[in-house]
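Notes for the one structure printed next.
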Amino acid sequence: MILEMNNIKKSFIKKSLENLTVLHDISLQVDAGEVVSIIGPSGSGKSTLLRCATFLEQIDSGEIKYMNQTAAETGADGKAVYAEHASMRKFKSYFGLVFQQFNLFPHYSVLKNVMDAPVRVQKRPREQVREEAMELLRKMDLDARADYYPCQLSGGQQQRVAIARALALKPEILFFDEPTSALDPELTGEVLKVIRQLAEEKMTMVVVTHEMPFARAVSNRVIFMDGGYIVEEGDPEMVFGAPTQERTKQFLRNYQNA
Amino acid sequence: MALSTMLSTMGEGALRTCGIFFLTLLFSLPLGMVVMLLRKSRFKIVQWIMKIYIAVMRGTPLMLQLLVWYFGPYYLFGANIRGYRFTAIIIGFAMNYAAYFAEIYRGGFEAIPVGQYEAAEVLGYNRTQTFFMIILPQVVKTILPSVTNEIITLVKDTSLAFTLAYNEIFSLAKQIAASQTSFTPFVIAGVFYFVANYAVAFVMERIEKAFDYYK
């Protein structure tokens, strides 16, 4: 098991409002080579779940395991306890995250964006990293853009650089947080193509997306979330073709009518 | 007084002006960073002290601050302030400009999207690497125009040292103009400030250009 999240609870403290619970007791397991899509309306907790998995948000309680090792678990007082600093560094090396807004480093060239973390963080030899980075950029069809800066690229190209940057660290699992939501439809296709290609290569991935046909075609499993709960989960043909929950049917109907 | 004598006397004054200018920058640019970091400290009390500090520095005339720095030790503690003049000037200028720089830095840091920090964190950069490699270069680019403004103001503000009877170019211009009943010293001082600021603008433009390779 690459990733195991059990009974995750997360709420945000809102000023002048009661605590807003974003994740109620969510569990998610991801096996090696699996592609899991998470769909659902805005505010359903999909992105928060990814942010908890990548430690950008702290869970209130529950358990997070990577590669069968515990990164966070509920302590005696009922609150989540995270592993100590050195272990957290190791856990962070297991995953990569692709953001909706790309978040490339604007002052670094395309090549440096891809190379910098492997060299600076993983302390791998520069020449070897350069070769691997160029190989990744070739795969993203961006090798001719290696010396460009992010501001000189289209959104779709930037997102493919961001994917290459995440892959350069050789993660066990790659998370995508609405990777095409900031792109126009024409550019969406080129990014989805890359993710599809990764799926064929058996890259383990969790994709939060609004691209339903893509989720249906690429995933091994689809999760529909709403209001901080997993409403429905299963084979894409089942979730999209024959959903059992009324809320899922309604969501997919609204989506098709849009 | 021959023009050449006037020029050489004022030339010495110009050197003293440059002394104030460069020492102020040397101390206030890093000190501003410290003030900014303390201003964003986790501790409320430290935040408040820095807020008050910035408010006082920006809210009172620099001329008055110079007087307080110089005469304060004498009036408050009866300290002997002989030979302390130049130090008081540098402390006064550096403390005042640090407050302005701190606010410029703060604006620069707040302009960096949170996604930059998150990307760095997910990629495994530690806090020092994130600060120096990812965030700071972008901050420098965004704050350069404001820093240029501040530096140009500083060139002209050095003339406030005349308050403490320090013989920089402005004090000398006033003295010589009065003793020689001549307008020339003012022209010389004016040309000096203008040329100095032209040089500042030129250098800063070069630096800005060096950061032009990305948006």
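The values are calculated or read from the model by the stated rules, or taken from the named source; none is laboratory data. As the structure is a computational prediction, the values presented were derived from the model and not from experiment. Reconstructed Cβ throughout: ideal geometry from the backbone, glycine too, with neighbour counts over all protein chains shown. With ligands, DNA and RNA removed, areas are computed over all heavy atoms of the protein, side chains included. Shrake-Rupley method; radii C 1.70, N 1.55, O 1.52, S 1.80 Å.
Could you work out how far apart the two model spin labels at A:Glu237 and A:Glu73 are, taking each label as a point 7 Å from the Cα in the direction of the beta carbon, and quote it in nm?
Label at A:Glu237, label at A:Glu73, 3.9 nm between them.
Can you list residues from other chains, or at least 5 along the same chain, whose modelled amide H is less than 5 Å from the amide H of A:Val35?
Amide H to amide H, under 5 Å and 5 or more residues apart or across chains, A:Val35 pairs with A:Met205, A:Asn220, A:Arg221.
Separation between the B:Ser8 and A:His85 pseudo-spin-labels, each 7 Å from Cα along Cα→Cβ, expressed in nm?
Result for the modelled spin labels: 6.2 nm.
Counting helices only, and only those DSSP H runs with n ≥ 4, report the 222 nm mean residue ellipticity of chain A as the sum of -39,500 (n - 2.57) divided by its residues, in deg cm²/dmol to the nearest 500.
Here the helix-only value at 222 nm equals -10500 deg cm²/dmol.
Amide H neighbours of A:Asp226 under 5 Å, counting only residues 5+ apart in sequence or on other chains, H built in-plane at 1.01 Å?
A:Val231
If I model region A:163-203 as equal point scatterers sitting on the Cα atoms and use the Debye formula, what is log10 I(q)/I(0) at q = 0.18, 0.25 Å⁻¹?
Here the Debye-derived log intensity ratios amount to -0.54, -0.95.
Are there any GluC sites (Glu not before Pro) in region A:43-119 that are in a DSSP loop and have at most 10 other Cβ atoms within 10 Å? List them by number.
A:Glu84
Loop-only chymotrypsin sites (Phe, Trp or Tyr not before Pro) in region B:141-215, please: DSSP not H, G, I, E or B, and at most 10 other Cβ atoms within 10 Å.
Sites meeting the loop and neighbour criteria: B:Phe183.
Of the listed pairs A:Lys139/A:Lys170; B:Lys51/B:Lys141; A:Lys9/B:Lys44; A:Lys202/A:Lys249; A:Lys9/A:Lys170, which have alpha-carbon separations greater than 22 Å here?
With Cα atoms farther than 22 Å apart: B:Lys51/B:Lys141; A:Lys9/B:Lys44; A:Lys202/A:Lys249; A:Lys9/A:Lys170.
Could you point to the residue in B:Trp69, A:Val129, A:Gln158 farthest towards the positive end of the protein assembly as shown's charge dipole, with +1 and -1 charges on the Cβ of Lys/Arg and Asp/Glu respectively?
B:Trp69
Evaluate Rg over Rh across the protein assembly as shown, taking Cα atoms for both radii and Kirkwood's formula for Rh.
Values: Rg = 30.2 Å, Rh = 26.6 Å.
We get a ratio of 1.13 for the protein assembly as shown.
Work from the charge dipole of region B:3-210 (Cβ charges, +1 for Lys and Arg, -1 for Asp and Glu, about the Cα centre) and give the residue of B:Leu23, B:Val200, B:Val187 farthest towards its positive end.
Toward the positive end, the furthest listed residue is B:Leu23.
With a 1.4 Å probe and all protein chains left in place, how much accessible area per residue does region B:3-210 have, in Å²?
Heavy-atom SASA per residue in region B:3-210 reads 53 Å².
With +1 on each Lys and Arg Cβ and -1 on each Asp and Glu Cβ, how big is the dipole of the protein assembly as shown about its Cα centre, in debye rounded to the nearest 20?
Dipole size: approximately 1660 debye.
Determine by what factor the alpha-carbon radius of gyration of region B:3-210 differs from 2.2 N^0.38 Å, reporting the quotient.
1.21
Percentage of Cα-Cα pair distances in chain A greater than 27 Å, rounded to whole percent?
So the portion of pairs separated by more than 27 Å is 39 percent.
Under 13 Å from a label point 7 Å along Cα→Cβ of A:Gln245: give me every residue in region A:183-222 with its amide N that close.
Zone members listed by number: A:222.
Determine the total buried accessible area between chain A and chain B, counting protein heavy atoms only with a 1.4 Å probe; round to the nearest 100 Å².
Rounded to the nearest hundred, the buried surface is 2000 Å².
Which value, in debye to the nearest 20, describes the size of the charge dipole of chain A about its Cα centre when Lys and Arg Cβ atoms bear +1, Asp and Glu Cβ atoms bear -1, and nothing else is charged?
The dipole magnitude comes to about 660 debye.
At 7 Å along the Cα-to-beta-carbon direction for both A:Arg216 and B:Phe22, put a label point, then send me their distance in nm to one decimal.
7.3
Using the Cα centre of region B:3-210 as the reference point, and only Cβ charges (+1 on K/R, -1 on D/E), how large is the resulting charge dipole? Debye, rounded to the nearest 20.
For this selection, approximately 420 debye.
In Å², what does the accessible area per residue of region A:51-198 work out to with a 1.4 Å probe? It would help to have the intermediate numbers written out before the result.
Values: 6340 Å² over 148 residues.
Result: 43 Å² of accessible area for each residue.
Not counting ligands, DNA or RNA, and with a 1.4 Å probe, what is B:Met6's accessible surface area in Å² rounded to the nearest 10?
So the heavy atoms of B:Met6 present about 10 Å² to solvent.
For region B:116-209, report the % of Cα-Cα distances exceeding 24 Å.
Result: 48 percent of Cα pairs exceed 24 Å.
Taking 40 Å² as the minimum loss, tell me which residues in region A:150-174 lose that much accessible area going from the chain by itself to the full protein complex (1.4 Å probe).
Relative to the lone chain, where solvent access is computed with a 1.4 Å probe, region A:150-174 loses at least 40 Å² at A:Cys151.
Looking at region A:174-258, which GluC sites (Glu not before Pro) are DSSP coil and have at most 14 other C-beta atoms within 10 Å of their C-beta?
The qualifying sites are A:Glu201.
Counting only protein heavy atoms and a 1.4 Å probe, tell me what percentage of chain A's accessible area is made up of carbon and sulfur.
47
Along the positive direction of the dipole of chain A (beta-carbon charges: Lys, Arg +1; Asp, Glu -1; about the Cα centre), which of A:Tyr148, A:Leu20, A:Phe251 reaches farthest?
Ranked along the dipole, the leading option is A:Tyr148.
Under 21 Å Cα-Cα from B:Lys174, which lysines qualify once same-chain neighbours fewer than 8 residues away are excluded?
List returned: B:Lys156.
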